[in-house]
């Protein structure tokens, strides 16, 4: 038995060691979608005040027209949304380091975070950390480290496949590469909006599955509340706005317990969650990603609700 344990430990150590070496040795795709996070951090550092910072996942990245919001409300805009697979913990903790007095921070947190702890996904965390130079490791909790380790072998396979493919791709930064939509760093504009999808036809979408359990993650709620107070302590104004999604997704994924829990913690939405819903015909490729018409409608909703909060002129 002792010999078996020693052999198993040696095999496990070798497996982990090989994967760690591959993770750092195999060349990365510098045009990967997640590399956009570095640009968004730069925007937090350089965009002047007065400014509105939108925080969330890919629904914020894909669904906002920041130029129209800027022109309508008179605030400079930073779209800090990127990918739900990162979770909300790392982006909010990173963002806190760049907040200035007087910032308006609009939180549009996708509903899944309230049930899965906002810790991200094994499929995304290794690529995200590699793309950002591993700077966020210092903020990771035990669950995130578990997810990171779990996702490293799959990430190595992805890196190897992308490296091989890059040798035959003459224009790696072209979203879609002429064959269809692909998530790429080059798909974003100067505000941090993902705009390349607006030129593609709507893609086939599989309806969402069953709803989440009504058992929300109390640890995430506690952390989220404390983090928002830290933003407010930094003299930023935090506005809670429901995430935008299509109608069929909202019916399956939204649960009233989310809103009730936020109200109970003094963090009410400024709008009815149903008011941020658009028709299924506005969907691009997921319940949170809109086509051009969906972006137009969502942007109009954002302007309408924020104008009431900020007392902006019509």
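Here are the numbers for this structure:
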read-out	value
Residues of segment 101-133 satisfying the condition of being surrounded by fewer than 19 Cβ atoms within 10 Å (Cβ to Cβ) and closer than 14 Å to residue 41 by Cβ	132, 133
Some residue of segment 119-135 being under 24 Å from residue 236 (Cβ atoms) and more than 18 Å from the chain's Cα centre (by Cα)	no
Single residue of 311, 279 found to be surrounded by fewer than 19 Cβ atoms within 10 Å (Cβ to Cβ) and in contact with a helix residue (DSSP H, G or I) (Cβ under 9 Å, 6 or more places away or on another chain)	279
The listed residue being under 14 Å from residue 98 (Cβ atoms) and in contact with a helix residue (DSSP H, G or I) (Cβ under 6 Å, 6 or more places away or on another chain), out of 80, 31	80
Residue in segment 224-235 that is modelled with pLDDT of 95 or more, crowded, with 20+ Cβ neighbours inside 10 Å and over 17 Å from residue 110 (Cα atoms) present	yes
Residues of segment 267-314 classified as closer than 24 Å to residue 85 by Cβ, under 21 Å from the mean Cα position of the chain (by Cα) and not in a loop (DSSP other than H, G, I, E, B), total	15
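The values are calculated or read from the model by the stated rules, or taken from the named source; none is laboratory data. A quick note: this is a predicted structure, and the numbers were derived from the prediction, not measured. Methodologically, a virtual Cβ is constructed for each residue, glycine included, from the backbone with ideal geometry; neighbour enumeration extends over all protein chains shown.
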